[in-house]
Amino acid sequence: MEVESVTLLSGTDKNGAPEGIESVTIAAGDSLALVGPTGSGKSEFLSDIEQLADRDTVTGRRLLINGKDPDPELGAMGLVAQLSQKTSFVMEGSVQSFLELHAQCRGRDINEAVEKTLDAANQLCGEPIKAGDSLQVLSGGQSRALMIADIAYISDAPVVLIDEIENAGIEKLKALEVLGASNKPILIATHDPVLMLMTRRRLVMGKGGMRRLVETTEQEKACLERLSLMDNLMTKVRGNLRMGRELNLKELEL
């Protein structure tokens, strides 16, 4: 099924009060950041989409696909590809055997899918992933890099849900670029200011409900450039320290 848009109609917050906005819609190829403190309702928002909410969840929200009620069987067919910082592989086997099996199930060109997915995954994590590596020995960062690449190049789930990608041990900005090229609606629950400003809009959550829908302004885009430099510096410093190198003040200059 081709998903052109995903809409979530409002329900109530944790106190039973109506939410601050009536609805939010994410179009194919667009990304939306879900922001707010821990416990504000970001994960519940993602869960409502995954469960095809029809006023039957805790929030009382209702999901529309392409402006219409979704087919109840859509959930079983795999509407969403979801990634969280706790996601890991449970099957045994090599990276190549997993990718080949998934590509075959999805009707992809197996050799092309494996090559593209593995190449993309290796751009997202510090430790190289080899085709013959066992899934069970991959680090957390390697596992999530492989999953993101798999979502982008093999999975046919039309909606992507991401929960706190900044803590997944990967190159988060490259990950967003890889997923964005898949032309799917992407929803990201995040505490990272760079990821928040990379999206066109951010949905502010609070007390379990939707509070505000904020458009990224031109001034914020200018701020993003400075924040990206700071983020790149932190990534470089982190990498150097991980490799056992010593740090000096000159390296902290922007």
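The values are calculated or read from the model by the stated rules, or taken from the named source; none is laboratory data. Just so it is clear, the structure is predicted and the values come from calculations on it, not from any experiment. Virtual Cβ from ideal backbone geometry, glycine too; neighbours counted across all protein chains shown.
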Practice task
Test residue 59 against the criterion of being assigned by TED's automatic domain parsing to the domain that holds residue 144, farther than 24 Å from residue 151 by Cβ and surrounded by 20 or more Cβ atoms within 10 Å (Cβ to Cβ), and give yes or no.
Solution key: yes
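Within segment 183-199, track down each residue that is more than 23 Å from residue 62 (Cβ to Cβ) and touching a strand residue (DSSP E or B) at 6+ places or on another chain (Cβ under 7 Å).
Taking segment 183-199 and keeping what is more than 23 Å from residue 62 (Cβ to Cβ), we get 183, 190-199.
Within segment 183-199, 190, 195, 196, 199 qualify.
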Problem - Hits in segment 204-238 (condition: surrounded by 14 or more Cβ atoms within 10 Å (Cβ to Cβ), under 28 Å from residue 17 (Cβ atoms) and of a type outside the set (A, V, I, L, M)) - result: 206, 207, 208, 209, 211, 216
Exercise for the section: Looking only at segment 190-200, decide whether some residue is modelled with pLDDT of 90 or more, closer than 25 Å to residue 14 by Cα and part of a strand (DSSP E or B). Expected result: no
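Per-residue answers, yes or no, for (1) under 25 Å from residue 173 (Cβ atoms); (2) surrounded by fewer than 16 Cβ atoms within 10 Å (Cβ to Cβ); (3) touching a Leu at 6+ places or on another chain (Cβ under 8 Å):
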{"position": "92", "(1), (2), (3)": "no, yes, yes"}
{"position": "102", "(1), (2), (3)": "no, no, no"}
{"position": "114", "(1), (2), (3)": "yes, no, yes"}
{"position": "120", "(1), (2), (3)": "yes, no, no"}
{"position": "134", "(1), (2), (3)": "no, yes, no"}
Handout entry: Matching option when the condition is among the small types (Gly, Ala, Ser), touching a residue at least 12 places away in the same chain (Cβ under 8 Å), more than 27 Å from residue 63 (Cβ to Cβ) and in contact with a strand residue (DSSP E or B) (Cβ under 6 Å, 6 or more places away or on another chain), among 126, 140, 132
Key = 132
Exercise for the section: Give segment 233-252 a look and list any residue that's free of Cβ contacts under 8 Å to residues at least 24 places away in the same chain, part of a helix (DSSP H, G or I) and not basic (Lys, Arg), or say none. Expected result: 233, 234, 237, 240, 241, 249, 251, 252
Problem - Counted residues, segment 42-56 - those being assigned to a loop (DSSP other than H, G, I, E, B), within 22 Å of the chain's Cα centre (by Cα) and either closer than 17 Å to residue 22 by Cα or not assigned by TED's automatic domain parsing to the domain that holds residue 78 (or both) - result: 1
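Run down 186, 148, 154 and say which single residue is at pLDDT 90 or above, at negative phi and in contact with a His (Cβ under 7 Å, 6 or more places away or on another chain).
154
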Handout entry: Out of 22, 2, 92, sole residue that is touching a residue at least 60 places away in the same chain (Cβ under 8 Å) and among the acidic types (Asp, Glu)
Key = 2
